[in-house]
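No value in this document is a laboratory result; all are computed from the given coordinates. Since we're looking at a predicted model, the values are computed, not measured. Quick reminder, even Gly has a Cβ in these numbers, built from the backbone with ideal geometry, and neighbours come from all protein chains shown.
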Amino acid sequence: MANPFTPKFGYVPPLLVGRDGVLNRIAAGRTSTAHPDSALLLTGQRGTGKTVLLHVALDEAREQQWVTLFASGAEIGLCDKLASQCIDNLGDAARRIVGLGAQALGFGASISRSEPHRTPPTAFRFALEKAAAASAERGAGTLIAVDELQDAPITACRAST
């Protein structure tokens, strides 16, 4: 029988056949930071479904209220993109209160918040710590998926550590 799926860029197959073992390892790695699969490196030939597996893992983590970060090593500003996603995951927690208001006779109150602060790449570690703390408060974790890591320049995040 011929394979009914023809790999195409950006297309997810309707069924992931033979990937249960890897998906189970990824799910098990989300159970504890001490679990041996809490950090995984997926390798394989081009077109074998590594990116699809990353996106399935990200979807499963999101369903469990995890903070999820995704970037490609081929992109410029890898750490900046990840830091920005950390801040986006914080939502209102990343906004500073810049004003309070009240009315006497009309009852009512208001709180003004600033726009989220965009984090420079040198603050990636700080942004990641904040996002991880926020997810830990909800009993979840943080999943970082970097696709095409081999394309990332060695200096991509050096200033962030």
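Using 0.36 nm times the number of residues separating residue 38 and residue 11, minus their current alpha carbon distance, what extension gain do you get?
Values: separation 27, 0.36 × 27 = 9.72 nm, distance 2.70 nm.
Length gained, residue 38 through residue 11: 7.0 nm.
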**Message:** Sort 81-89, 16-24, 142-150 by the packing proxy (mean of other Cβ within 10 Å over each peptide's residues), most packed first.
**Reply:** 81-89, 142-150, 16-24
